[in-house]
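Read through the structure below, which is laid out as structure tokens, and then see the notes.
The values are calculated or read from the model by the stated rules, or taken from the named source; none is laboratory data. Bear in mind that the values here come from a model prediction, so they are computed numbers and not experimental data. With ideal geometry, Cβ positions are generated from the backbone for all residues, glycine too; neighbour counts draw on all protein chains shown. These accessible areas exclude ligands, DNA and RNA; they are computed on the full protein's heavy atoms, side chains included. Shrake-Rupley method; radii C 1.70, N 1.55, O 1.52, S 1.80 Å.
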Amino acid sequence: MVQDPGKDATPQDEDVSDTAAAPEDEKAEEDRKVRSDGSQGRSWRERLSAWASREYWRELSWRDLPGLGSTATAWHLRGLWQRGESRFEPGPLGLLGVMLAAMAITMLLLQTGSGGVGGDGAGRADEPVSIPDPPEGELRIMPLGGAATQGSDGDHTWRYHLWSHLTEQEVEFDFVGPHDDLYSLEEEDFGNHDYAAPDFDTDHAARWGSTAQDLADEAARTAAEHEPHYLLLLAGTEDIIAGEGADHALEGIAEIVSTVRVVIGDARFVVGELPEVDGTSDDGRVNSEIELFNMGLVDLAEQLTSSDSPMVVAQTAQDYAPAYDNWDATHPNVRGELKIAAAFADALAEPLGVGDAFPRPLPEFSTGPLTAPEPEYEETEGGLRLSWPAVPGATDYRVVQRRIDPDPDDPFVLPMDVESDDDRRSVTIESLLSGAGYEFVVRPYKGKDEGVESDPLKLVWDDDPPPGPSGVRVRDGGDLVVWDEVEEAGHYEVWVRRLECAPTDHFQRPRDVDRSPRDTDTSTSDTSDADGGGEGPRPTPSEPPRPPRPEPEPTPTPAPSTPPPAPAPDPEPGASCSPRDDRGPGDGEDWHSLGPVEGDPRWRVTVSGPYEVVIRSYRDYVKGGYSTAVVLDGH
């Protein structure tokens, strides 16, 4: 690329004796300084017009050539080509020839593409520039750019979609470049190869985060090494986001084109427009500069194109919706990749004659990470720990929980951060109900795009049963039942069964005698008149059962296994009552649940009459063991 006329044409470390030895050039030197001072702050269009001026080139001496008149400002390509890594390694004289050829080619291209040298474009040719046919044999295509071209772990990249399209068109081609990798978002480094579809030609010359100016520093050396016929260039967004303007980014594009033509004079260039961004801290300014860049790109292509080395604009910004086509503020998801690839394919097809235009409508692809997580679980002291291998490209995960048994609830996203440990991710879940069945699903995300979720992981949490209560005893004259607290239990359940009563002799009770349940309590004796004669005690109505005391509803509440006991007839006077067998609620008959007991290990008796009582322990939904039975004689 020729030297910018907006910069001082005299190198700072130039030999003063050489300058003094040429007094006849003082006037020309002053003219150049005037042109230099007047060009400060000019846009790329004005500087490009100055480069195209015949007077500018006529008055340049060899000292003005970049890298030849000054050691400090030596053209960077000279150092690059002398590293011994390239097929193209000119010496000092060869480099001079290359520079002169580059300037001649640039002048020729400018005059051919623009129709003249005037800055207003009035001298442009009326006839359009003819486009050369594709070269014979295999086409060498080099994708060149920044983050959008390289892609990150888990991406298809627009390179994949273009490769698929050209392959389907049976175009004989080869992607070329020094790299074949993706950028690792997790490690924040290059060298990742976790492509969403790795079975394609992954060679490229893109670098995540590179500006157009960065790419210009390496473009000629890379082109010399890989000899592409076509360069597909998408760059400039990083320049603008970094705070530079559209002109700065366009200058980088122009430098790439000019320096590559130094080594490949008939290289074809397809340069993509910049899609807008959505979600940066400065969207308004960035998108305004992007709009200026895209307009200027068309003018730049007209200025730099020629019949031997055309520069074509790919309409990659057309119909691009960053809120829908990016996974974050600036980087394309699979929808954005397809739109970029389609635009490059269209430009290659027309006017460059490579393959056909990309078919419309564009195919549908699933966004987000395509690898489903595979969660595992373990019970820890802190709760349930879910863990899974890291998913390529995932920047975040969300864990969805749902109770499926008993009392199913609606699924919800757990409000917790995911922990990272090398190549595994995990969450620890507390406050699960013991004995309940749960279902967990892990959803990976890349930015705002949800990927393929995991299969449901179903489990029953902490289902080891607590032991049955011990130390069950009756107090307060039969009004209270207490027991020892079970450490593993959260609440208890009361079970009762009426005792079986039978008369002890053949005594026939008088018809007019009716005794209350308290009179027939096995803990008291028969109550007749002291003299054993006369009219017996007046009958008294049976005492109705006391209403149950309201108990707080536990969480969860075990449902009674059987209906509450129906009132039973009082035992015969003098009857003996005892448990009917040694079987408890688990395998015996006629047991009834009176519901849960929360809090302290005690139960205020709510039944009247002779009963046996058993207490069962619970931990949430986990049913524990039964206590031994105690007898309520009735009162």
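Scan the range 293-402 for GluC sites (Glu not before Pro) in coil per DSSP, keeping those whose Cβ has at most 11 other Cβ atoms within 10 Å, and list them by number. Show your work: numbers first, answer last.
Details: sites: E302, E337, E364, E376, E378, E379, E381; in loops: E364, E381.
In loop regions of the range 293-402 (DSSP not H, G, I, E or B), the sparsely surrounded GluC sites (Glu not before Pro) are E364, E381.
Which cross-chain or sequence-distant (5 or more) residues have an amide H under 5 Å from the amide H of A235, H modelled 1.01 Å from N in plane?
Long-range HN contacts for A235: G272.
Where only protein heavy atoms count, and the probe is 1.4 Å, what is the accessible area per residue for the range 226-378 in Å²? Can you show the working numbers first?
Numbers: 5540 Å² over 153 residues.
It amounts to 36 Å² per residue over the range 226-378.
Which cross-chain or sequence-distant (5 or more) residues have an amide H under 5 Å from the amide H of G625, H modelled 1.01 Å from N in plane?
G468, S617
Report the Cα centroid-to-centroid distance between the range 157-193 and the range 421-437 in angstrom, as an integer.
Between the Cα centres of the range 157-193 and the range 421-437 lies a distance of 38 Å.
Considering only protein heavy atoms, what per residue accessible area in square angstrom results for the range 119-218 with a 1.4 angstrom probe?
45 Å²
Which whole-Hz couplings ³J(HN,Hα) result when phi for each residue of the range 378-395 is put into the Karplus expression 6.51 cos²θ - 1.76 cosθ + 1.60, θ = phi - 60°, listed in order with x for Gly and Pro?
Whole-Hz 3J(HN,Hα) from phi for the range 378-395: 8, 8, 10, 5, x, x, 8, 9, 9, 9, 7, x, 4, 9, x, x, 6, 9.
What's the ranking of 184-194, 392-402, 609-619 by average number of surrounding C-beta atoms within 10 Å, highest first?
Highest mean packing first, the order is 609-619, 392-402, 184-194.
I need the peptides 444-452, 131-139, 155-163, 424-432 ranked by packing, meaning the mean over residues of other C-beta atoms within 10 angstrom, with the highest value on top.
Going by the mean number of other Cβ atoms within 10 Å, highest first, we get 155-163, 444-452, 424-432, 131-139.
Please give the Cα centre distance for the range 288-317 versus the range 253-269, rounded to the nearest Å.
Value for the Cα centre distance between the two parts: 14 Å.
Output wanted: per-residue J couplings in Hz (rounded whole) for the range 194-200, from phi through Karplus 6.51 cos²θ - 1.76 cosθ + 1.60, θ = phi - 60°, x for Gly and Pro.
Karplus values, whole Hz, x for Gly and Pro: 7, 5, 5, 9, x, 7, 7.
Collect residues whose amide H, placed 1.01 Å from N in the peptide plane, falls under 5 Å from the amide H of L480; neighbours closer than 5 in sequence don't count.
R475, V605
Just order 330-336, 624-630 by mean Cβ neighbour count inside 10 Å, highest at the front, would you?
Details: 330-336: 23.0, 624-630: 18.9.
Highest to lowest by the protection proxy: 330-336, 624-630.
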